[in-house]
1. Can you give me the angle between helix 23-40 and the longest principal axis of the chain, using Cα atoms only, in degrees from 0 to 90, rounded to the nearest 10?
2. Find the relative contact order for the chain and round it to a whole percent, using C-alpha pairs within less than 8 Å whose residues are 6+ positions apart.
3. As a footprinting exposure proxy, order 59, 382 by other Cβ within 10 Å, with the fewest listed first.
4. Determine, for 77, 31, the number of other Cβ atoms within 10 Å of each Cβ, and report the residues in order from fewest to most.
5. For the pairs 250/284; 8/250; 250/329; 360/381; 172/230, flag any whose C-alpha to C-alpha distance is greater than 20 Å.
6. Return a whole-number percent for the relative contact order of segment 176-330, with Cα pairs under 8 Å and 6 or more residues apart as the contact set.
7. May I ask for the distance between the Cα centers of segment 252-331 and segment 1-33, given as a whole number of Å?
8. Can you give the angle from 0 to 90° between the axis of helix 130-146 and the longest principal axis of the chain, with both taken from C-alpha atoms, to the nearest 10?
Amino acid sequence: MALPERMKFGIFMGPFHRVGENPTLALDRDLELVQWLDSLGYDEAWIGEHHSAGWETISSPEIFMGVAADRTKHIKLGTGVISLPYHHPFMVANRMVQLDHMTHGRVMLGVGPGALPGDAYMLGIDPTVQRERMDEAFGLVLRLMTETEPISYKSDWFELREAMLQLRPYTKPHMPIAVASVQSPAGVALAGKYGASVLTITRPRDPSAVESDLAGLWAIAEESAAEHNKVVNRDDWRLVIPVHIAETRKEAFEQARLGAGRYQAEYFEHTMGRDPVIDGPPEKIIDAMVDNGTWIIGDPDDCVAGIRRLEERSGGFGGFMVQTIDWAKREHILHSFELLARYVMPQFQGTTLSTAASNKWAFEHREILTAGRVQAIDRAKSDYVART
């Protein structure tokens, strides 16, 4: 299935900042990055919610989005994601609708069950009920945004008593809404149930598990949507993957090699307890992660090729989101996003078709045009001689 005529580009900001650095300056850099993306013409920035482990230090995406909205002009800002089991659904709906008004329709709501085990543990939430609670809360958030009659509902973890929003959504019928999916069937099935879009964190392909690959995931979303009389649209399906590009593939690897190794070894393996990716020094991790398709690192052509591979695996999607990681020098990270905007985005948004066509026309007519220019110069010379 073909990609959309204009693919959406943006970021999925956890964020990931190495433990031990100044957290205030890290948050400042996060805001500066969103401003930089706004100036480069990126479409979206999705901001995470996390409360433990020391790496992902934004606890309220709504606060971050409010500040970012005031410093930007065009880019849309989404929660990537609000962990619904952590919050009363009435408060989630109210905060997002307020942001919808204050940004004049530039916000998006992304939801999930909660990703960090430490968050649920500190809140006293049984991890086995998180997805069930997310489903319950999600349905009520949508009802609060779309229904005008008071809603009464009693759950074992929250209650609504004749609840109704004072503000109706600025965006009708509500702001864009997405469900997070880390390549498991739960997220895409829930998105299909409510007709929401999907934010998928990509992982290496596992041929032994259909639901772990992208095409299989989308099939589950469509089946769930059909079962609940809803519709899902591939053009609203966003894939998330870490990316770093430079002028050459060699430069990109050199710039990110040390930071990428630290990120994988110190966050996933040390902090989160995941199994090591390789038997060897962290500096070699980058090669394995690029080879298995988990990361895209190289020059702009490598990034274009990586997106094409995701197209083949998925059957088509509508949004390419870079997972932001502090794995290179600041100037290299900013330049990576600039290169992506200058040379990768145009390949999937059709923005250079007319300039390429104009250049091709000029090339094909160069002999005629050159002859005309020579004749004009000769005529100007002869006219000058005739007047003197």
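1. Helix 23-40 and the main axis of the chain meet at about 50 degrees.
2. Normalised by residue count, the contact order of the chain is 17 percent.
3. Result, fewest neighbours first: 382, 59.
4. 31, 77
5. Too far apart for the 20 Å limit: 8/250; 360/381.
6. Relative contact order here is 26 percent.
7. For segment 252-331 versus segment 1-33, the Cα centre distance is 14 Å.
8. Tilt relative to the chain: about 70 degrees.
Only the coordinates and a few stated rules stand behind these numbers; no lab work does. Treat the numbers as computed from the prediction; the structure is a model and nothing was measured. Note that each Cβ is placed from the backbone with ideal geometry, even for glycine, and that neighbours are counted across all protein chains shown.
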